[in-house]
Each structure stands twice: as C-alpha cells, then as structure tokens.
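The values are calculated or read from the model by the stated rules, or taken from the named source; none is laboratory data. These numbers come from a predicted model, not from an experiment. Methodologically, a virtual Cβ is constructed for each residue, glycine included, from the backbone with ideal geometry; neighbour enumeration extends over all protein chains shown.
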Protein chains: 2
Amino acid sequence: VQAQDVDTLNAILEPIHPADIAHLIEQVDARDRRDFLTLWKGGIDGETLSELDENLREEVLESLAPEDLATVVRDLESDDVVDLVEYLDEDQQEQVLDALAAPDRVAVEQALSYPEESAGRHMQSELVRAPEHWSVGEAIDYMRSDVILPDQFYHIILVDPRLKAVGYVTLGRLLSSPRATRLRDIMEDSFRTFHVAQDVEEVAQAINHYHMITAPVVDDDDRIVGVITIDDAMAFLEEEAEEDLLRLAGVGEGSLSDGVRETTRQRFPWLAVNLVTAILASMVIGLFENTISELVALAVLMPIVASMGGNAGTQSLTVAVRAIATRDLTGANVWRVIRKEALVGLINGIVFAVVMGVIGAVWFGIPQLGYVVAAAMVVNLVIAGLAGTMIPVVLDKLKVDPALASGAFVTTVTDIVGFFAFLGLAAIYLL
Amino acid sequence: VQAQDVDTLNAILEPIHPADIAHLIEQVDARDRRDFLTLWKGGIDGETLSELDENLREEVLESLAPEDLATVVRDLESDDVVDLVEYLDEDQQEQVLDALAAPDRVAVEQALSYPEESAGRHMQSELVRAPEHWSVGEAIDYMRSDVILPDQFYHIILVDPRLKAVGYVTLGRLLSSPRATRLRDIMEDSFRTFHVAQDVEEVAQAINHYHMITAPVVDDDDRIVGVITIDDAMAFLEEEAEEDLLRLAGVGEGSLSDGVRETTRQRFPWLAVNLVTAILASMVIGLFENTISELVALAVLMPIVASMGGNAGTQSLTVAVRAIATRDLTGANVWRVIRKEALVGLINGIVFAVVMGVIGAVWFGIPQLGYVVAAAMVVNLVIAGLAGTMIPVVLDKLKVDPALASGAFVTTVTDIVGFFAFLGLAAIYLL
C-alpha cells in the first residue's frame, strides 16, 4: 500500500469508518506514518482527525496546509473543533477560526473561554430547543423547515420565554404523540442541568449514573448554551479510567504509539521516585548491618515481609483510589472502610504469619526466627491496610491526585515498616 | 431516618432517582442496610434493583417476597430482567418469569439461552422496527397508534420483507423529513449488525469506537432480535476497566461494600501467590548466603535492584495489559512494542545504573560494589521491559486474562533476575 499509489489508497480507504482509519494510523510505525500522511494529504477529514490519539493529532495537524485544515474543520461539531484547536498555537488557531461560519466561530470562541476541564469547554453548541408552549405539530413542522439541525440529536430541550431551560422531550415521545399535544405535557419527569463551570468529569459521571443521553449545559442565567452527549461522556470516562490505571502504575500519560524517547521520559520520574524510596528502605536495613552479619538468614527472609506488605498495601490502595474516583468512598464511610482494611490486614496477616513462621523456623532450624518473621508479617499487613486506605484519602483531601502519588508512599511505608519490624524484632529477640 | 418511620422514609425517598437510592443503600453499613430493607420493603422498584451493586442485589432480592419481586420486575426492560434473574436459583427464577407477560417471558428465556458474555444475553428485545418501503408518514402514524413502544429509543431499524435488518433511520432524520419520503431514502450510510453469539465486550467497544447509540443484534438468519444501547455499553466498559484495574492489583471482584470476611477471602489468593513467589526469590538469596556474610552491604543494596526492576516491569505490564484490552496491541505491532520496551528499559537502566553505581560506591567506599550494582540494574530493567510486555501477550494467547495473572509472573521474574544478577556478579567480582 505504501507504494506511492494515491488512487489505490483512496479506493481502499474510502469505505472505511474514520475511527478505523485513525486506528490504522496509530498502529503503523513512525516512518510509515509520515509517508502515509504525505501521500494521503487530502484524505484526512475532520472525523478521522478527531478520532486520532492526542499526540498523533498534533503530528497530523502540522502536516496539513492551513487551507486543508479549514475545510476539514468545517463539518465538525463545535466540541470537536474546540478539541482540535485548543492545543494549536495562536496563529494556526486564528486560521482555523477564520474558516468557520460566524455562529460556529462564536460558539468555539465561547467554549475556549471556559476553563480546561469544565463542561463549557467540552459541550457542543449544536442542539435543538423549542418553546415549551409549542405543540407536537409545531415542533415537527419547525424541524421540517429549512432550519439547520445537528447531525445527531435525541431530545428537544424546552425553554421558557426567557430562554431558561425547563425540561426536555425525547424524540420517541414526540413521534408517538398526537400533533395537538403540548410539548410541556409530554416532558420527561426528571430534568437535570449542569453549569458551564462544572467539572466535565462530574457531568460524565452523572450521564452514566442516571442513564442520560445528553446533558444540558446552562449559563449563569440558567439559559441553555450547549449539551454534552453520551458518546463523548463515554469516551471521557474511558479515558479517565485508563489514566487512573496508568497513573497507579507510574506510567503517566503513556500511549502505545509514543516513541522510545517519549516513553523513556514518561517512565523516568516514577522510577526516580522509586529509587529514592528504595534507598530509604535500604537505609533502614543499613541500621541493622551488624544484626544481619550475625545471622544471614535475616537477609534471606526480610524481602518476603516487605513484599507481602507491599502487595497488601497495593490491594487496599487500588480499591481506595477507584472508590474515590467513583465517589463511593466518602466522608460518610471512610472510617468504616479504614477499620475494615486494618481488620482484613490483621486476619490475612495472622494467617500468613503462621505459614511463614513455620517455614522460617523449619528452613533455618531456628524456632525464634519463625516467631519474629510471623510478628513482623502481622504488623506489616495491618499497617499496609491502614496506609493503603488513609494515604489516598489524605492525598485526595490535599487535592493531589491519589492515583498518581499513592503508590510510592504506600510501598515506602510497607518497605520501611517491614524491614524495621523484622530486623528490629530480630535484633531484640534473636541476638 | 432509621427510626422505623415508613411514611417519612417514603416521603424522603420518593423524589430521589433510583440510581441515587441504590447508591445510598450501598453506602450504609450492613446492619443499617438490613433494617432499611425490612422497613422499606415495598419501596424498592425494579430500577433501583438493577442499579444496585451485584453482591447487594442478591441480598435485596432475598429480602423481597416473590410477589413483590414480580411486580418490581414487570416494568423493566428485558435486558435488565435477564440481569436480575440470571443468578437466582431455579425456583425463584420460575416465579419471576411467571409474573411476566408472555412475550416478555419469551424474550427473557431466549436471552438466557445465550452464553453468559454474549451479545444475545445482554441485548434488550424492546426496539422499534419498520419495513424499509414505508414512508415517513406511515412510520409516524404507526408510532402514534396504540403500539407499545420502548421507554427510550433513538432509531428505527429498517427490515426487508424477510425481517432481515437492512439499515436504520435516526428519529431526528425522520422528524425533519417530509411525510412522503421513503424510509429507505433517509437511511444512515453506515450500518453494522452484531451476531447474538458475539462477545458483548466487543459490541460495547464497537459502540464506543464508532459513536453508535444502539447496536442492533441479529440471529443466524440476519433477523433483528434485539439491541444493545449505549448506556448499557458505557456501564459495561466502565465495569471492565475497573475489573482490569482491580485484577492488576490482585483484588479480583472486590467492592467497597463487601464485608471483612468476603474482602479477606478475595485478597487471600493473591497474597498466597505472592508468598510463593517471594519465597522463590528468597531462595535465590539463600544461594548466596556465604557471599552476603562476607559483605553485608550486599544485603542492604539488593532490595533496590529488585524494587527498580519490579517497578519498571509493572509499568510495561500495565501499558501492555491496557493495550491488549483496547485492542491496540495486536500481532501487527507486538514485536515493535517489545523492542521498544526493552530499549526503554536499557536507557533508563543505564541512567539509574550510573546514579546507583555512584551511590553504592560512595556509601560503602567500595568502587567495585558500584560497578556490580550498576550492571545488575541494567540487566534487570531490560528484563523488566521484556517480561512486562511478553508475559501478558503470551497469557492472552493462552486465553488467560493477562490482567489477572501477569503481575505475579512479572515481579517474580524481576525479583529473581534482580537478586541473581546482583548477588551473582558480586560473588564473581567482589570476593
């Protein structure tokens, strides 16, 4: 395909869905991608562009001539345009905006004026609204007139004479009602609006929680200014969950299509943090050099205690981070959860203490070694449960993303406590 | 509120959305929950029930009298009913099914006959279809007749005379077209159907990927039998992402509302696996007992090498597991990704080797110790990159969930390689 044959390429790609083309571009390696883009310059349309991974999008945008870019952008909905232009430099942004029709341009500029993670920034301005006093027939006639409708819409939002949003009618309901029915009489029971300044993640979660299809966004005067649609909310939540996962593993914003240099740089900070914490833990071991030199078995067993603590801590931590993200862990139940985690740590600690105590005693033929490893195991697993829950909760209270920072803290705690408890007890009771 | 006052309770809960009531039930502790359910028996409706967390749902279901259960179930869509009854025992299932109207009953039984994770099991049978030769007017008149329509629908699916699904019309398009227009002329360009036996996760991913609102599900003869809606797909993907996250951390199916006993049991297997792998790693240390007793500094530094490897491995692993789940990591790019991960490991390995080499040499005043720790670091980080990518890929090929099992394998590899490389090199070059 990469044999420089534009026509064949066009013929092949024509029937393919933009999302698949974007996926294809993401999968090939960097050199092929460049060749492909040079060759297929005209082919990229707006939808393909907005389906692309963020990092690649920049690459592709740069490869486009400004006039192509403008054409590309014109058939997108306002939220997708915002998404595209927000990271362009001023000059390019200006060029794209100039290419838009006046009302679209106003909508995009308006959206860009809201803060980055707000509902206002992510809403689309294309929506259908109607006065609440209209009848079903009037609404249908209005839509059949030459008014411009969004590509996809599923509700009509009802407004009062001062353009305040008061409710919505589903198209299904509209279609199945006689022409004379008033719109306000077939309004759905529950109607929720979201303020432009509200966090878009909250809106996405509400869409998921209440099974909404579109979330109406209103300004300070309760006037409807846009909607956030369920497919955007879905993509958004998917992204958030992925981010949490990657952050927990210390990978930050990583994506499979990043190059070696980019990936190395992303992973570096977390490894650096881990080096510092590992050195801290090693310094604890260093305190007991004499103890270890008298009984080398301690060096053999000590990583087991630390590792079990680290694992138990990660378990508690992951549940807590996830629960904070989904708002399941709140002030109302935080103490109960902490108590539970400590108790779970205690029970599992006792079970593994017995197992490990026997192994330790038998392996090295020193019963006291068994007691010490058992006691250290119980201590470390209880601490793991406590730290695994409390650290993310505290970080969240301090407005630090718990997914990003908890891991390092929790394993530092469990390593230090594990080594200290085990070697300390050994120093006291074994020597 | 728990003062046994049913009327107040009803008055308070009446205006609250079922999803919020479910959330409330999940948040209170086990005893309050039991009291609440006894008190508020009649209040639980179908929607609240299907919003509840799976484990709690069973508890609530058991607290309901069969006749209440039947009432509750009657106003649910078929996919929600299936979701409720699939885990009931035969007797209870029979009672619920008996309470349904005949066509609903058939739909539910049909769905239950499909495998657990299939599209057929999760689809709802409520949908609106129309012959493709109808006009817009005919379709609207049909919907205004006394036919029973689903609560929510956004498309009309067009079928040919043999009931084969051929396309769909959005309600927005329908509403904005003149009455005389043929439905087939306003059909959307792209139309995808999914087979009943297809994996529901694939369908959910397609919904997300192609921004679909509903996915039509067809049987062997291409006849439409149901749809999967975007809100269900959204909930489903959210659940899958959460499961991956929890599995990676070795927490399995955990939920915040589980009790101590349940939680302890869920966490136990992973800790047990970790104990085994930690003991394996310790046995590697055991091989070098003599080496350590000659130079205790080794015991101090060895956890650092293992810990850095474990972290780097977890980074590669998390990216790989996620990429497998989202189908971004495929046969087409697997070798490229593995090469990249190894290279990233090499580069970061060299950087941290230099840092750690200097620290090791200065800390203990033995330059050779610095060389050894540096070399072990490079080896372990390269292996971490390789193992972190290859292990999940191989597990996936073997049809084992990579999220569930990779973590244990990868950290075992990095622990063993870390200890072996460091202590082995030390034994050769230092003594």
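Quick one: B:ALA130 ticks every box in (1) in contact (Cβ under 8 Å) with a residue 40 or more places away in the chain; (2) outside any loop (DSSP other than H, G, I, E, B); (3) under 34 Å from the mean Cα position of the chain (by Cα) bar one, so which box is it? Only one criterion in (1) in contact (Cβ under 8 Å) with a residue 40 or more places away in the chain; (2) outside any loop (DSSP other than H, G, I, E, B); (3) under 34 Å from the mean Cα position of the chain (by Cα) is unmet by B:ALA130, namely (3).
Going by what's in this entry, would A:ALA408 be described as at negative phi and crowded, with 24+ Cβ neighbours inside 10 Å? Walk me through how you get there before you give the answer.
On the way: at negative phi: yes; crowded, with 24+ Cβ neighbours inside 10 Å: no.
In short, no.
Is at least one residue of segment B:265-277 modelled with pLDDT of 90 or more and over 33 Å from the mean Cα position of the chain (by Cα)? Taking every residue of segment B:265-277 in turn, none turns out to be modelled with pLDDT of 90 or more and over 33 Å from the mean Cα position of the chain (by Cα). Regarding A:ASP396, is this residue part of a helix (DSSP H, G or I), modelled with pLDDT of 90 or more, touching a helix residue (DSSP H, G or I) at 6+ places or on another chain (Cβ under 6 Å) and away from chain B (no Cβ under 14 Å)? In short, yes.
Residues in segment A:339-392 that are crowded, with 19+ Cβ neighbours inside 10 Å and among the basic types (Lys, Arg): 1 in all. Against the list (1) in contact with a Phe, Trp or Tyr (Cβ under 6 Å, 6 or more places away or on another chain); (2) assigned by TED's automatic domain parsing to the domain that holds B:GLY424; (3) without any contact (Cβ under 8 Å) to a residue 40 or more places away in the chain, the condition B:ALA204 fails is (2). Of all residues in segment A:214-266, those satisfying the criterion of being of a type in the set (A, V, I, L, M, F, W, C) and more than 27 Å from A:ASP151 (Cα to Cα) are A:ALA241, A:LEU245, A:LEU246, A:LEU248, A:ALA249, A:VAL251, A:LEU256, A:VAL260.
In summary, A:GLN152 fulfils each of the numbered conditions (1) under 23 Å from A:VAL200 (Cβ atoms); (2) without any contact (Cβ under 8 Å) to a residue 60 or more places away in the chain with the single exception of condition (2). Taking segment A:131-152 as the range and being surrounded by 18 or more Cβ atoms within 10 Å (Cβ to Cβ) and out of contact with any Ser or Thr (no Cβ under 8 Å at 6 or more places or on another chain) as the test, the residues that pass are A:GLU132, A:TRP134, A:ALA139, A:ILE140. Return the residues of segment A:328-345 that are part of a helix (DSSP H, G or I) and either among the β-branched types (Val, Ile, Thr) or modelled with pLDDT of 95 or more (or both); say none if nothing qualifies. Residues satisfying the conditions are A:VAL334, A:VAL337, A:ILE338, A:VAL344.
Looking at segment A:327-357, which of the residues that are of a type outside the set (A, V, I, L, M, F, W, C), farther than 24 Å from B:THR277 by Cβ and more than 8 Å from chain B (Cβ to nearest Cβ) is nearest to the chain's Cα centre (by Cα)? Give the derivation first.
Residues of segment A:327-357 of a type outside the set (A, V, I, L, M, F, W, C): A:327-328, A:330-331, A:333, A:336, A:339-341, A:345, A:348-349, A:357.
Now restrict to residues that are farther than 24 Å from B:THR277 by Cβ: A:327-328, A:330-331, A:333, A:336, A:339-340.
The next check asks that each one be more than 8 Å from chain B (Cβ to nearest Cβ); those that pass are A:327, A:331, A:339.
Numbers: A:ARG327: 14, A:GLY331: 23, A:ARG339: 29 Å.
Restricting to residues being of a type outside the set (A, V, I, L, M, F, W, C), farther than 24 Å from B:THR277 by Cβ and more than 8 Å from chain B (Cβ to nearest Cβ), the top hit is A:ARG327.
Does A:LEU9 qualify as being at pLDDT 70 or above and either more than 16 Å from A:TYR87 (Cα to Cα) or out of contact with any Phe, Trp or Tyr (no Cβ under 8 Å at 6 or more places or on another chain) (or both)? No, not satisfied. Among residues belonging to segment A:220-230 that are surrounded by fewer than 21 Cβ atoms within 10 Å (Cβ to Cβ) and free of Cβ contacts under 8 Å to residues at least 60 places away in the same chain, point out the one that is nearest to the other protein chains (Cβ to nearest Cβ). Result: A:ASP222. Taken over segment B:185-219, the criterion of being within 11 Å of chain A (Cβ to nearest Cβ) and within 16 Å of B:VAL166 (Cβ to Cβ) is satisfied by B:GLU188, B:ASP189, B:SER190, B:ARG192, B:THR214. Does B:LEU163 satisfy being touching a residue at least 60 places away in the same chain (Cβ under 8 Å) and hydrophobic (A, V, I, L, M, F, W, C)? Yes. Residues that are facing chain B (nearest Cβ under 7 Å) and either farther than 14 Å from B:ALA306 by Cβ or touching a Cys at 6+ places or on another chain (Cβ under 6 Å) (or both) within segment A:280-307 comprise A:GLY286, A:GLU289, A:ILE292, A:SER293, A:VAL296, A:LEU301, listed in sequence order. Within segment A:156-172, restricting attention to residues that are within 32 Å of the chain's Cα centre (by Cα) and within 14 Å of another protein chain (Cβ to nearest Cβ), the residue that is surrounded by the most Cβ atoms within 10 Å (Cβ to Cβ) is A:TYR168.
The condition of being closer than 29 Å to A:VAL225 by Cβ, of a type outside the set (S, T, N, Q) and either at pLDDT below 75 or surrounded by fewer than 18 Cβ atoms within 10 Å (Cβ to Cβ) (or both) holds for only one of A:LEU76, A:LEU88, that being A:LEU88.
Can you find a residue in segment B:313-325 that is within 25 Å of A:MET356 (Cα to Cα), more than 7 Å from chain A (Cβ to nearest Cβ) and either buried (at least 22 other Cβ atoms within 10 Å of the Cβ) or not aromatic (Phe, Trp, Tyr) (or both)?
The first filter runs over segment B:313-325 and keeps only residues within 25 Å of A:MET356 (Cα to Cα), leaving none.
No, because not a single residue in segment B:313-325 is within 25 Å of A:MET356 (Cα to Cα), more than 7 Å from chain A (Cβ to nearest Cβ) and either buried (at least 22 other Cβ atoms within 10 Å of the Cβ) or not aromatic (Phe, Trp, Tyr) (or both).
Can you name every residue in segment B:249-269 that is more than 7 Å from every other protein chain (Cβ to nearest Cβ), crowded, with 19+ Cβ neighbours inside 10 Å and either under 17 Å from B:THR314 (Cα atoms) or of a type outside the set (Asp, Glu) (or both)?
Selection gives B:SER255, B:SER257, B:GLN266.
Taken as a whole, segment A:98-113 holds no residue that is modelled with pLDDT of 80 or more, in a loop (DSSP other than H, G, I, E, B), of a type outside the set (Gly, Ala, Ser) and under 15 Å from A:VAL217 (Cα atoms).
Considering A:HIS211, A:HIS195, the condition of being free of Cβ contacts under 8 Å to residues at least 12 places away in the same chain and not assigned by TED's automatic domain parsing to the domain that holds A:THR326 is satisfied by A:HIS211 alone.
So for segment B:28-51 (the condition being at pLDDT below 75, outside any helix (DSSP H, G or I), under 27 Å from A:ARG192 (Cβ atoms) and among the charged types (D, E, K, R)), does at least one residue qualify? Scanning segment B:28-51 turns up at least one residue that is at pLDDT below 75, outside any helix (DSSP H, G or I), under 27 Å from A:ARG192 (Cβ atoms) and among the charged types (D, E, K, R).
Only residues that are at pLDDT below 90 and of a type in the set (A, V, I, L, M) were counted across segment B:411-431, and they come to 2.
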